[in-house]
Amino acid sequence: MPFDPDPLSSESNDILSSSLAGDSLSWSPWIPFTADKQEFRQIPTEPGLYRIRPVGEEFFMYIGETRTSLYKRLGDLRLELRNRNLMPWADPHAEAACLWAWQDAEGFAYECSAAPLDAMANGRMGMKAYLLYQYRQEQGKSPLCNFGRFHPRYRSSSRRSGNLRGGKLNEDQKDNPAGSPSHAPLSPLGKPGEPGWMGLAWSSPEILAPDKTPATPAGPCLYILSDAGAGEIITIGQSGDCAHRLADLTQKPGDERILQVSVHCPEKTMYPHKLRELETDLIGNYLGLYRKSPVGQYNNR
């Protein structure tokens, strides 16, 4: 029986095809991480998007983007995974530690495919969100190493500056909560800004100002920040502490626009990776409808 990393599944594998984003992306062939230098040179040298999966499997481990050379990015990553005895640091490649953990646990060998994309960060990162959104819609789950997800029986390494290597958990230790299953993908209902967009119960928009922060619970939330005058959505976000996040937004220096915010607060606590999944569902749906990211979505990245 093929390995199924999550209980959620789908019979459709359309997301795995080279026509994933229509004609806008030109994907390379799948190249094994063990390929020789000549074969690996089929990976483009431009910035763009990339996908990683176990060799021959029909699910993804990671969908990523880079502002530098795809060839160098993926070449550096495969070098990090060659040391079978030492989990990589959480930087500079956020997915490396997670890929190593699954490699160690399941014996996975990886292959990658990449597509050049000549775009600024807003376009490139927006396309990554759209690919993740489409993958979740098709497969009913997320790639195993996106959104901070991790193997349930491993702990992650810290960043290099923290000097704490990750590894396998002891039998008496609880599962890593980042290894819990994906949140089910949101249903593509309605349009951004509407009360029931994506099947969520959004609050009525309220003005956001230093002397007028909306009263919200301290728990997790998704939010939509928009221009009250023009009605344009500026940012779609998430936070594990909604009240603190909105208070922080009121302190940000801005322009002459009057900002307003609408929130959806889950009824219970939610793991960070699930909040990020839902945030990406919202951004991906927005991009699919309007062919662009919200104007302020990636300004600080």
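One residue stands out among those in region 268-289 that are free of Cβ contacts under 8 Å to residues at least 60 places away in the same chain and part of a helix (DSSP H, G or I): the one that is farthest from residue 121 (Cα to Cα), which is 275.
The sole residue among 152, 143, 205, 177 that is surrounded by 18 or more Cβ atoms within 10 Å (Cβ to Cβ) and closer than 30 Å to residue 110 by Cα is 143.
For region 192-217, what are the residues that are over 16 Å from residue 261 (Cα atoms) and either in a loop (DSSP other than H, G, I, E, B) or out of contact with any helix residue (DSSP H, G or I) (no Cβ under 8 Å at 6 or more places or on another chain) (or both)? Hit for region 192-217 is 199, nothing else.
For region 65-117, a tally of residues being over 17 Å from residue 47 (Cα atoms) and either of a type outside the set (Lys, Arg) or touching a Leu at 6+ places or on another chain (Cβ under 8 Å) (or both) returns 29.
Scanning region 87-111 for residues that are in contact with a strand residue (DSSP E or B) (Cβ under 9 Å, 6 or more places away or on another chain), within 20 Å of residue 162 (Cβ to Cβ), modelled with pLDDT of 95 or more and among the hydrophobic types (A, V, I, L, M, F, W, C) gives 87, 97, 98, 99, 100, 101.
Has region 214-229 got any residue that is touching a Cys at 6+ places or on another chain (Cβ under 6 Å) and within 23 Å of residue 285 (Cα to Cα)? Yes, region 214-229 contains at least one residue that is touching a Cys at 6+ places or on another chain (Cβ under 6 Å) and within 23 Å of residue 285 (Cα to Cα).
Is it the case, given these coordinates, that residue 114 is of a type in the set (A, V, I, L, M), touching a strand residue (DSSP E or B) at 6+ places or on another chain (Cβ under 9 Å) and modelled with pLDDT under 95? No. The residue that is surrounded by the fewest Cβ atoms within 10 Å (Cβ to Cβ), counting only those in region 87-111 that are aliphatic (A, V, I, L, M) and within 20 Å of residue 178 (Cβ to Cβ), is 105.
The values are calculated or read from the model by the stated rules, or taken from the named source; none is laboratory data. Everything quoted here is computed from the prediction, not taken from an experiment. Positions of Cβ are generated from backbone atoms using ideal geometry, with glycine treated the same way; all protein chains shown enter the neighbour counts.
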